[in-house]
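Quick note: the coordinates plus some simple rules give every number you see, no bench work behind them. Please read all numbers here as calculations on a predicted model, not as lab measurements. Positions of Cβ are generated from backbone atoms using ideal geometry, with glycine treated the same way; all protein chains shown enter the neighbour counts.
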Amino acid sequence: MRFIMKKNFIFIALGLLIAFSSCQKSGLNLFCGNYSYKTTGSVTVQRKATPLDSITPAAFTFNLPNEIGQLDIASLDKHNDSVVVIINQLNGDVVLTHGYCNDKELTLKPFKRNVLNISVNSQIDFNTPVKIQGVGHCYDDNTLIFDMSYHGKAQVGPFTYLIDGDQIQMVAYRN
């Protein structure tokens, strides 16, 4: 009888341990799902100096147009907490990248966005690809806030413009 009670106690304790550990969301389980997102921020655009420049060309801050869309995060490999991230901009690009979960942080692998439209003072207007990096944190198990950076360069006529922005945020709410 004693052996049966010990055995039952072990099974109950094991069951409770499994139940409590599954309630603790972290890593992969915390991030997977479907979200609505909005992105906002700014980039700095500066013409690269040429040998003919006597002073460094001015830098312009360009506010990015607000973007909205769907963000889907799905498990890619449960063993190393990797995910696939699909960013589907409303009336725009669909971008696919990968990321890695670590506790309550999701780090996106750098990815390329095909076109970023830049228009500075109505004098400089161009489209250019940019490289994007980001790290997201989860709040209340349903809100992700990504701190993102955009980097790139564009050739417009004889001039090269450098694009840098690290004040860009994407806020995503679980649907």
- Query: Out of segment 41-143, which trypsin sites (Lys or Arg not before Pro) are coil in DSSP terms and have no more than 16 other C-beta atoms within 10 Å?
  - Reply: Lys48, Lys78, Lys104
- Query: Separation between the Asn117 and Ile68 pseudo-spin-labels, each 7 Å from Cα along Cα→Cβ, expressed in nm?
  - Reply: 1.8
- Message: Can you tell me which aspartates and glutamates have their Cα less than 18 Å from the Cα of Lys78? Leave out same-chain residues fewer than eight positions away.
- Response: Asp103, Glu105
- Message: Per residue of segment 83-93, what does 6.51 cos²θ - 1.76 cosθ + 1.60 with θ = phi - 60° give for ³J(HN,Hα)? Whole Hz please, x for Gly and Pro, Karplus curve as stated.
- Response: 10, 9, 10, 10, 10, 10, 6, 4, 6, x, 5
- Compute the length gained on full extension between His79 and Asn102: take 0.36 nm times their separation in residues and subtract their Cα-Cα distance, giving the result in nm to one decimal. 7.1 nm
- Task: Would you check segment 89-175 for Lys pairs whose C-alpha atoms are within less than 19 Å, ignoring same-chain pairs closer than 8 in sequence, and give me the count?
- Result: 4
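Need the full-extension length gain, Lys153 to Gln46, defined as separation in residues times 0.36 nm minus the C-alpha distance. One decimal, nm. Let's see the in-between values first.
On the way: separation 107, 0.36 × 107 = 38.52 nm, distance 0.94 nm.
Additional length available on full extension: 37.6 nm.
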- Message: I want to make sure I understand the PRE zone here: with the label point 7 angstrom from the Cα of His137 toward its beta carbon, which residues in segment 86-118 have backbone N atoms less than 19 Å away?
- Response: 100-109
